[in-house]
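In what follows, a single structure is set out as structure tokens and then discussed.
The values are calculated or read from the model by the stated rules, or taken from the named source; none is laboratory data. These numbers come from a predicted model, not from an experiment. Please note: Cβ atoms are built from the backbone with ideal geometry, for glycine as well, and neighbour counts cover all protein chains shown. The accessibility values were calculated without ligands, DNA or RNA, using every heavy atom of the protein model including side chains. Shrake-Rupley method; radii C 1.70, N 1.55, O 1.52, S 1.80 Å.
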Amino acid sequence: DVCDPDKIFLFGRSLGGAVAMELAHRREGRIRGVVVENTFTSMDDLVMRLSPAFAKQISRNLSNKWETQRLVSRITRPILFLSGRADEIVPPSMMTTLYKEATNSEGREMAAFPKGRHNTTCLSRGYYETIKRFVDRVLLESGGDAGRYPSHRVHRDA
């Protein structure tokens, strides 16, 4: 092995978040945690939101449905959900749904950024600090200090 699996975190934004969740589900023993930003519950749900008039036709032609909501409850690794609450593409409620469904995650967190839009959440105050705190906490807990921190936190950008 080139990398220690206990130090690998997956990151994905939007569609990349769905890919990260799929990979986490398939290779959970080879990663330590997951960070997703502005990710949808499923491609069908997103298509319905963005193009309701053509959703049926579009969904029929999708080769991958990216059913993130179906997978998230199966992932036990810690997951950080970064949600731009002003996202104009992926409804923030989808991130809330994913967070609520991640009941088996051993230390999930939701960070909400009120002014974060789909492609600008990463510019929000506290964004990178939130990721660093999450990664540090997860690595510390895996080193034997589990229980020192709460199982989940909510960060809100002012």
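Odds and ends about this structure:
- Longest segment of the chain lacking trypsin sites (Lys or Arg not before Pro) that sit in a DSSP loop with at most 15 other Cβ atoms within 10 Å: 75-114
- With all protein chains in place and a 1.4 Å probe, the accessible surface of the chain carries 52 percent carbon and sulfur.
- Backbone geometry of the range 77-87 corresponds, through the Karplus equation with coefficients 6.51, -1.76 and 1.60 at θ = phi - 60°, to 3J(HN,Hα) couplings of 5, x, 10, 9, 9, 9, 10, x, 6, 10, 4 Hz, x marking Gly and Pro.
- Long-range HN-HN contacts of Phe11 with modeled amide H, under 5 Å: Val35
- Taking Cβ atoms as reference points and 14 Å as the exclusive limit, the residues near Ile58 contribute a net charge of +2, counting Lys and Arg as +1 and Asp and Glu as -1.
- Rolling a 1.4 Å probe over the protein heavy atoms gives the range 8-108 an accessible area of 47 Å² per residue.
- Area accessible to solvent at Ile58, 1.4 Å probe radius, in Å²: 70
- Dividing the mean sequence gap of close Cα pairs (under 8 Å, 6+ apart) by how many residues the range 67-141 holds gives a relative contact order of 35 percent.
- 3J(HN,Hα) from dihedral phi, the range 35-45, Karplus parametrisation 6.51/-1.76/1.60, rounded to Hz, x for glycine, proline: 10, 10, 10, 6, 9, 8, 6, 6, 5, 4, 4
- Axis of helix 127-140 versus longest Cα principal axis of the chain: the two differ by about 50°, to the nearest ten degrees.
- Charge tally in the Cβ shell below 10 Å around Ala86, where Lys, Arg are +1 and Asp, Glu are -1, Ala86 excluded: +1
- Between Asp4 and Arg117, the contour length at 0.36 nm per residue exceeds the alpha carbon distance by 37.3 nm.
- Extending 7 Å from Cα along the Cβ direction at Glu106 and again at Asp136 yields two label points whose distance is 2.2 nm.
- Using the rule -39500 (n - 2.57) for each DSSP H run of four or more residues, divided by the residues of the chain, the 222 nm mean residue ellipticity is -10000 deg cm²/dmol.
- A straight chain from Asn61 to Ser93 at 0.36 nm per residue would run longer than the Cα-Cα distance by 9.0 nm.
- Relative contact order for the chain, counting Cα pairs under 8 Å that sit 6 or more residues apart, in percent: 21
- With the gyration tensor restricted to C-alpha atoms of the chain, the semi-axes of the equivalent ellipsoid amount to 27, 19, 12 Å, longest first.
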